[in-house]
């Protein structure tokens, strides 16, 4: 048992180092990469525009649930006017960056792993290397840079939609005056909270898209199988590890910034 634990620990450390080196090479390959702008625009579209519907739906229902639960809890203490700060702080500090990242991983990240895995299995990545094209700069760098653009925007958009959902729940479906809700929301949001949202979104973007690119790029090496099964295993692994990484990084960043 001790031997198995040691092998697992060494393997985890080796894979963590390999991932860090892969991500660093992906970012550094953006320097001097030709036609990066076109691929960056496409990556922003895939990670951002296509994920707007799921961000809207999840953000709206998150705000609705927070408004419903928060109003009835605060009403018991005679503090229903604090519903706005409760929803705003919950969304901006924690829920918006975390849930937005999880939704982006589930939709855009899984598709990214499958695409890179198929390109690896069909030897398209090997063909790029044969033609003298850096596959890191061609395939990985635009996805990583797009994540740094998309994730903060999607997190802020999620928070905005969640605030609207809280207003619908607290002021439309429940008797809290809308003026009280929005005034308290405006008074409770400050620059450090917004900065915390942006920092978390940037870290989550680099972590999750880096993990997805890494697993798809190395689908032929990591899964112990080949073909479609290797792509499936890599996709599942990337989504699970990315979700865990988001939650772990959220705790670390929160403990440092609180």
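Every read-out reported here was derived from the displayed coordinates using simple, explicitly stated rules and does not represent laboratory data. Fair warning: this is a prediction, and the values are worked out from it, not measured in the lab. In this analysis, Cβ positions are derived from the backbone assuming ideal geometry, glycine residues included, and neighbour counts consider all displayed protein chains.
So for the pair residue 188, residue 252, with labels modelled 7 Å out along Cα→Cβ, what separation do we get in nm?
Roughly 2.9 nm, to one decimal.
Tell me, 256, 102 in order of fewest to most beta-carbon neighbours within 10 Å?
Least crowded to most crowded, the residues run 256, 102.
Under the 0.36 nm per residue contour assumption, what length would be gained going from the current alpha-carbon distance of residue 16 and residue 89 to full extension?
23.0 nm
Quick check: the distance between the Cα centres of segment 209-258 and segment 145-204, to the nearest angstrom?
Result: 27 Å between the Cα centres.
Above 20 Å lies some portion of the pair distances; for segment 194-258, what is it as a whole percent of all C-alpha pairs?
Tail fraction, whole percent: 37.
Based on the mean of other Cβ atoms within 10 Å per residue, sort peptides 14-21, 85-92 so the most packed one is first.
Output ranking for 14-21, 85-92: 85-92, 14-21.
Using 18 Å as the cut-off for backbone N distance, which residues of segment 77-93 belong to the label zone defined by a point 7 Å from the Cα of residue 160 along Cα→Cβ?
88-89, 91-93
With each pseudo-label sitting 7 Å past Cα toward Cβ, what's the residue 228-residue 180 distance in nm, one decimal?
5.9
I need the peptides 107-120, 31-44 ranked by packing, meaning the mean over residues of other C-beta atoms within 10 angstrom, with the highest value on top.
Final packing ranking: 107-120, 31-44.
Work out how much length residue 130 to residue 240 would gain on full extension: take 0.36 nm times their residue separation and subtract the Cα-Cα distance, in nm to one decimal.
Length difference between fully extended and current span is 36.3 nm.
Once both axes come from the Cα atoms, what is the angle between helix 191-217 and the longest principal axis of the chain, in degrees from 0 to 90, rounded to 10?
Helix 191-217 sits roughly 30 degrees off the main axis of the chain.
P(r) for segment 137-258: what percent of alpha-carbon pairs falls in each 5 Å bin, starting at zero?
It works out to 2, 10, 14, 15, 15, 12, 10, 8, 5, 4, 3, 1, in whole percents.
Counting alpha carbon pairs within less than 8 Å and at least 6 residues apart, what relative contact order, in whole percent, applies to segment 38-166?
Contact order relative to length: 56 percent.
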